[in-house]
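Structure first, commentary second.
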Amino acid sequence: MTHQVYAFEPPERFVAGTVGPPGERTFYLQARGGGRLVSVALEKMQVALLAEKLEELLAEAHQRFGAELPAAAEGPADNEPLDTPVDEEFRVGTLGLAFDVETSTVIIEAIAAEEAEFDAEAETADDEDEDEDATPEISDDLDRLRVRLTPAEVRQFIDRAKRVVAAGRPPCPLCGQPLDPAGHLCPRHNGYHRR
C-alpha cells in the first residue's frame with residue numbers, strides 16, 4: 001500500500017484549530033501552500049504537548065547551536081478560523097520534531113495512526129518478554145504531514161496553539177475537569193452535581 005507525504009517546506013500558513021462547540025471540538029493541524037490545503041485530526045493533548053515540546057526545542061536549539069530566536073511572536077496574531085473545506089486526511093498517531101542546523105528551521109512531522117495502535121494495549125499485555133523501554137517502530141507505509149518553519153513561525157504556531165487549547169470549557173476549580181454548561185459530577189463533592 002502506498003503512503004502519501006504532504007510536504008510544505010515552507011507553508012503559506014500552518015496552524016492548530018478546532019471545529020465544533022466546546023466539549024465537542026475536533027482538533028486539527030492545517031497546512032496551506034502551493035494551492036493545496038491539508039488538515040489532519042489529533043487530540044487536544046497532542047496539540048498542547050506539541051506546543052510545549054516546540055518551546056523546549058527552540059530553547060535547546062538556542063543553547064546548543066546558538067540559533068537566533070524571537071522572544072515573542074512577530075507580527076499580528078493569526079486568529080482566523082481554519083480554511084475550508086476541513087477534510088481530514090488522517091488521524092495523527094505520532095508527532096516528530098527536528099531542528100535543521102544548516103537552515104535554522106524546525107521540521108514538524110505528523111504521522112498517521114496505524115490501525116494496530118488501537119489494539120496496542122491488548123497486545124502489550126500479552127507480550128511479557130518485550131523490553132519495557134523499547135520504542136515502538138513507526139512504519140514507513142503511513143501517511144504523513146511534514147512542515148518546515150522558521151523559529152518566528154514556530155513561535156506564532158505555539159502562541160495560537162496555546163490559545164486554541166485554552167479556549168475550551170473552563171475547568172472545575174476543585175477537580176480540574178471541564179465544566180459543561182449544565183455543570184458536572186465533581187469527584188471532590190462525592191459525585192454531587194456542581195455548577
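Residues that are open to solvent by 40 Å² or more (accessible area, probe 1.4 Å), more than 21 Å from Arg146 (Cα to Cα), in contact with a strand residue (DSSP E or B) (Cβ under 7 Å, 6 or more places away or on another chain) and not charged (D, E, K, R): does segment 2-20 have at least one? The answer is yes; a qualifying residue exists. Residues of segment 24-36 that are open to solvent by less than 50 Å² (accessible area, probe 1.4 Å) and either under 18 Å from the mean Cα position of the chain (by Cα) or under 17 Å from Arg91 (Cβ atoms) (or both): Arg25, Thr26, Phe27, Tyr28, Leu29, Gln30, Ala31. Tally up the residues in segment 142-159 that are open to solvent by 20 Å² or more (accessible area, probe 1.4 Å) and not polar (S, T, N, Q), please. Result for segment 142-159: 9. Taking the listed residues Glu68, Glu52, the one that is outside any strand (DSSP E or B), more than 13 Å from Arg146 (Cα to Cα), of a type in the set (D, E, K, R) and more than 14 Å from the chain's Cα centre (by Cα) is Glu68, with no other qualifying. Just one of the listed residues (Asp87, Asp83) is at pLDDT 95 or above, in contact with a Lys or Arg (Cβ under 9 Å, 6 or more places away or on another chain) and acidic (Asp, Glu), namely Asp83. For segment 145-195, the candidate set comprises residues that are over 14 Å from Phe14 (Cβ atoms) and among the basic types (Lys, Arg); within that set, the residue that is modelled with the lowest pLDDT is Arg194. If only residues of segment 45-103 that are under 14 Å from Thr18 (Cα atoms) and in contact with a Phe, Trp or Tyr (Cβ under 7 Å, 6 or more places away or on another chain) are counted, the one that is surrounded by the fewest Cβ atoms within 10 Å (Cβ to Cβ) is Val86. Restricted to strands (runs of 3 or more DSSP E) entirely inside segment 1-45, no element has at least 3 residues that are modelled with pLDDT of 95 or more and among the charged types (D, E, K, R).
The values are calculated or read from the model by the stated rules, or taken from the named source; none is laboratory data. Computed from a predicted model, the values in this text were never measured in an experiment. Note: ideal-geometry Cβ built from the backbone for every residue, glycine included; neighbour counts use all protein chains shown. Please note that ligands, DNA and RNA were not included when accessible areas were found on the heavy atoms of the full protein model with its side chains. Shrake-Rupley method; radii C 1.70, N 1.55, O 1.52, S 1.80 Å.
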